[in-house]
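The values are calculated or read from the model by the stated rules, or taken from the named source; none is laboratory data. Computed from a predicted model, the values in this text were never measured in an experiment. With ideal geometry, Cβ positions are generated from the backbone for all residues, glycine too; neighbour counts draw on all protein chains shown.
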Amino acid sequence: MMYPEFILTLSCPDQRGIVHRVSGFLAEHGCNIIDSAQFGDAQSQLFFMRVHFAAEDSSVSDAALRKDFAEVAGAMRMNWQLHDAHKKPRVMLMVSKIGHCLNDLLFRYRSGLLPVEIPAIVSNHMDFYQLAASYNIPFHHLPLAAGASPEAKQAQEERVLEIVKTNNIDLVVLARYMQILSPAMCKALAGRAINIHHSFLPSFKGAKPYYQAHERGVKLIGATAHFVTSDLDEGPIIEQDVERVDHSMDPDTLTAIGRDVECVVLARAVKWFVEHRILLNGHRTVVFK
């Protein structure tokens, strides 16, 4: 028999009895824990937990679970969310003129490797409208000229946020969307927008990081998936990976190698987000893999 499944995520001040209170609550409400992970951070003195469970008592509704757990959460000062484990989060992809990350995410989506719905692709260029059409995904061309006025940029971003609202988007993915989002846009998407930066941050921020890396003669290049904030390339890091390179490689070779790393790193970050495995810990993240 298939039971409804949920994922509970929480953070709170570290204290005795958190796991006991959570597991006891679930047992009392006819729920069976499928898997659980927790972490106590000595530095921030916060405790983080993710619990995947099945609700086996049909007399206990989703609403009742939320109402009753709110009392436990209030007593222990928890920030918490309860997610339907079978509901596929709705993801909007944004891209400019470099499409490898977009193509990779769409392939994973079509193959069933990425448990999401993708109701919209947004771009400031027309390059990938045919790719979007091949997946039967609406493509929104919202041009933004180089050197556009603040008013034009604001109008374009307002249109982006309209698409987010209209499509009930849970996550926005900047899959090499080469525009800097305004502070207002970053605030509107706080905690639900992921960017891929083609560098192993905090090194080589900003433009042309592979060229910067080549100038410095690095032996490793990498990519970083992070949450979007108003501080460029400074958001909480979700995932990183690297590839070894050597002196014989020019910037174009580094770029080609790096693109493979970018695809893998971004896909991991998106998958972990939609599986509710990422919790914010100040300017850092806790990722339950």
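Some points to look at:
- Annotation note: of 46, 82, the sole residue that is among the hydrophobic types (A, V, I, L, M, F, W, C) and touching a helix residue (DSSP H, G or I) at 6+ places or on another chain (Cβ under 9 Å) is 82.
- Number of positions in the stretch 180-208 that are among the charged types (D, E, K, R) and under 16 Å from the mean Cα position of the chain (by Cα): 2
- Residue 92 vs. criteria closer than 18 Å to residue 267 by Cα and at pLDDT 95 or above: yes
- Residue within the stretch 147-157 that is within 18 Å of residue 91 (Cα to Cα) and either touching a residue at least 60 places away in the same chain (Cβ under 8 Å) or surrounded by 12 or more Cβ atoms within 10 Å (Cβ to Cβ) (or both) present: yes
- Taken as a whole, the stretch 102-118 holds at least one residue that is outside any loop (DSSP other than H, G, I, E, B) and more than 18 Å from the chain's Cα centre (by Cα).
- Among the residues making up the stretch 53-101, those that are more than 22 Å from residue 192 (Cα to Cα), among the hydrophobic types (A, V, I, L, M, F, W, C) and outside any loop (DSSP other than H, G, I, E, B) are 53, 54, 55, 63, 64, 65, 69, 70, 72, 73, 75.
- Residue count, the stretch 193-212 (criterion: part of a loop (DSSP other than H, G, I, E, B), free of Cβ contacts under 8 Å to residues at least 60 places away in the same chain and either outside the structural domain of residue 272 (by TED's automatic domain parsing) or not hydroxyl-bearing (Ser, Thr, Tyr) (or both)): 8
- In the stretch 19-33, of all residues being in contact with a Phe, Trp or Tyr (Cβ under 8 Å, 6 or more places away or on another chain) and surrounded by 14 or more Cβ atoms within 10 Å (Cβ to Cβ), the one that is nearest to residue 289 (Cα to Cα) corresponds to 33.
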